[in-house]
1. Per residue, what volume in Å³ does the Cα convex hull of the chain take up?
2. Give me the net charge of Ser209's neighbourhood, meaning all other residues with Cβ under 15 Å from the Cβ of Ser209; Lys, Arg count +1, Asp, Glu -1.
3. Ranking request for peptides 56-66, 331-341: highest mean number of other beta-carbon atoms within 10 Å first, then the rest in descending order.
4. If one takes the longest principal axis of the Cα atoms in the chain, at what angle in degrees, from 0 to 90 and to the nearest 10, does the Cα axis of helix 99-111 lie?
5. P(r) tail for region 50-286, what percent of Cα pairs lie past 27 Å?
6. Mean-square fluctuation check for the chain, GNM, Cα pairs under 10 Å: which of His238, His141, His196 is largest?
7. Does a label point 7 Å from the Cα of Phe307, set along Cα-to-beta-carbon, have any residues of region 377-400 with amide nitrogen under 20 Å, and which are they?
8. Just to confirm the number: angle between the C-alpha axis of helix 72-84 and the first principal axis of the chain, 0 to 90 degrees, nearest 10?
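All of the numbers you see were taken from the coordinates with simple rules; none came from a lab. Values in this document were obtained by computation on a predicted structure and should not be read as measured data. Neighbour counts run over all protein chains shown; Cβ positions are idealised from the backbone, glycine included.
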Amino acid sequence: MKRSRKLTDIRFEVRGPITEEAARMEREGRAVLKLNIGNPAEFGFAAPEEFIAQISARMAGAQGYSDARGLPEARAAVAAYARSKGIAASEDDVFIGNGVSELIQMSMNALLDDGDEVLLPAPDYPVWTSWVTLSGGRAVHYICDEQADWCPDIADIRRKITAKTRAIVLINPNNPTGALYPREALEEIAGIAREHGLMIFSDEIYDRSVMDGEEHVSAAAAAPDVFCATFGGLSKSHMLCGFRSAWMILSGPEPEGDYRDGLTLLANLRISPNVPGQLAIEPALGDFGGANPYVMPGSRLYEQRKFIVGALNAIPGISVVQPKAAFYLFPKIDTAKFGVKDDGRFVLDFLKEKGVLLVPGSGFNWPRPDHVRIVYLAGLPWLREAAEKLEEFLGGYRQS
Ligand code: PLP
């Protein structure tokens, strides 16, 4: 039985073939340090016990389907959260999803005709590129500039707009770079969207994982006169990936047409988002919606970032921009020094020799083989071990 040709260009390296090799090594009894997936619970991050108790107490009420767009009280809580961030939205503008992942799929399926183009960041979170492609669209990547703290290259966005461009996707804070976009950059991108009649899709799932007292600005708040879809959820900001609980908020002047009807149709087709996960939204954005304790100075994420940035920058041939948010790093490898032509091979060689699992930068649609992604959720002893192993590995590495 052959798989569909639609899947030919679809990749998800975060859970790709290299991870299968890691699983094989583990079956053979080798320890593998997995710094490839942003799954906080696996590294001991947990939501407060009182929060879990409060949700558990509500489970009996989760037995039926909900409204296809989501529970009204969950949507109202999301709308209130949106307003607190400067986005004018009501309960009717909110769609709840089984993770942002499902909402990316719905939002692209509802929008794209064959051949329509969507501008996406490079590096990107590859689920976006995959769903643009699977929805019949063409993913066109604009470069984010490492020299400018990985902010989008505005001139490159402009250059890549064609008559077929429908939308600009932003991932802010960004996975895999940890970048946080300044208001001015968002305003410039809003200007481009306004000029060309494009919709903005802004994935803001890491909006509460921002460090150094910096403020996260929603694209929709910086662009109130542009039709936007803003994505958020509990997976990362509340360390609750397993709840599969997320939202999408429409805002700004809605152009004539039936895009919203398309979304509602797709929401109806999936019947209802999972209700247990939805029951967590109201308390998560209310009683448990205060400052994120994991990003304060002295907290685990903050200290882990400090350590790993310093350790990587001390390795000859590696350099990394300090991320401002989320829990990823996108370090650069000196490809001339190590003869690296294939980043997948580099990651595989490192895995086989040292038992540490990373993700190649090309898995994030980065066009050159000179980056890898590291998740820094693991505690300090593991990060120290990973940095030492990388230095040892590079001491003798040359790709033939
Ligand atoms: N968007 C970004 C930028 C992500 O990094 C991730 C997961 O890593 C997701 C969306 C998926 O989120 P969810 O767990 O809500 O499906």
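1. Working: hull volume 63.1 nm³, N = 400.
Dividing the Cα hull volume of the chain by its residue count gives 158 Å³.
2. Charge balance in the 15 Å sphere: -1.
3. Going by the mean number of other Cβ atoms within 10 Å, highest first, we get 331-341, 56-66.
4. The angle comes out near 60 degrees.
5. That fraction is 30 percent.
6. His196
7. 377-393, by backbone N distance to the label point.
8. So the inclination is approximately 70 degrees.
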